[in-house]
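Participant: Once you've had a glance at the structure underneath, I'll fire off some questions.
The values are calculated or read from the model by the stated rules, or taken from the named source; none is laboratory data. Quantities reported herein were computed from a predicted structural model and do not represent experimental measurements. Glycine also receives a Cβ, built like all others from the backbone with ideal geometry; neighbour counts cover every protein chain displayed. Please note that ligands, DNA and RNA were not included when accessible areas were found on the heavy atoms of the full protein model with its side chains. Shrake-Rupley method; radii C 1.70, N 1.55, O 1.52, S 1.80 Å.
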Amino acid sequence: MKVSVIIPAYNEGARIKGVISAVKEAKLPSEIIVVSDGSTDDTVKMAQSEGVNVIELPENQGKGAAMKAGVCSTDADVYVFIDADLVGLTPDHVDDLIRPVVEGEGDATLGVFGGGRPTTDLAHKMTPGLSGQRAVKASLLKTLPSIEESGYGVEVMLNKHLERHHAKVKRVELHGVSQILKEEKMGGLEALAARIKMYKDIVTHIK
């Protein structure tokens with residue numbers, strides 16, 4: 001069974017090597033695809049130095065477009081989506097996220113933070129469905145509506161799609177894993193603008 005790990009990334013050069021390293025050391029992935037969503041830093045260079053497949057989008061199109069580019073580039077049986085800004089990710093976390101789908105225990109998984117940073121743990125307790133860490137059977141994605149314009153609302157769109165198809169989704173705790181906040185990556189105003197856009201995308205697809 002071919003398992004493709006897709007890592008959407010926008011200006012994550014400072015963090016992406018740690019995420020790729022954890023995925024490379026996991027047992028279940030067959031390939032790793034990094035999709036640089038119009039990054040202007042050294043994201044592409046850092047990913048290429050790890051020897052993984054890298055797709056470069058010419059301009060920033062949003063997370064949904066990056067995920068679709070990764071999906072369209074491979075014929076995997078299982079797609080795994082992992083964010084590029086994770087902290088504390090281990091090979092075991094990656095395998096734990098994939099195993100239930102590969103072994104037929106579920107149609108998809110949802111990775112939920114726990115035991116990491118209080119801010120990200122709380123966010124996942126309140127809105128676990130917005131997690132970017134998940135594995136999904138390819139057969140379910142074949143009927144997924146276009147996600148290019150979904151931006152940060154892609155998680156909500158995917159959740160609705162899985163519900164409509166009565167997919168069995170298993171939650172997997174990613175103990176000790178957390179995420180770098182936008183406010184830590186950017187300046188105050190830039191982070192605020194990015195967060196507002198994220199919430200706008202999410203609300204748009206909740207309706």
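Participant: Mind listing just one residue for me: the one in the stretch 25-38 that is more than 16 Å from the chain's Cα centre (by Cα) and free of Cβ contacts under 8 Å to residues at least 60 places away in the same chain and, of those, nearest to Val101 (Cα to Cα)?
Facilitator: Only one residue tops the list, namely Ser30.
Participant: Could you say whether any residue in the stretch 39-58 is under 24 Å from His175 (Cα atoms), part of a loop (DSSP other than H, G, I, E, B) and either open to solvent by 40 Å² or more (accessible area, probe 1.4 Å) or in contact with a Ser or Thr (Cβ under 8 Å, 6 or more places away or on another chain) (or both)?
Facilitator: No, that holds for no residue.
Participant: Among the residues of the stretch 6-27, which ones are of a type in the set (A, V, I, L, M) and either assigned to a helix (DSSP H, G or I) or touching a Cys at 6+ places or on another chain (Cβ under 6 Å) (or both)?
Facilitator: Within the stretch 6-27, Ile16, Val19, Ile20, Ala22, Val23 meet the criteria.
Participant: Please determine whether any residue of the stretch 69-79 is crowded, with 24+ Cβ neighbours inside 10 Å and under 15 Å from Leu174 (Cα atoms).
Facilitator: no
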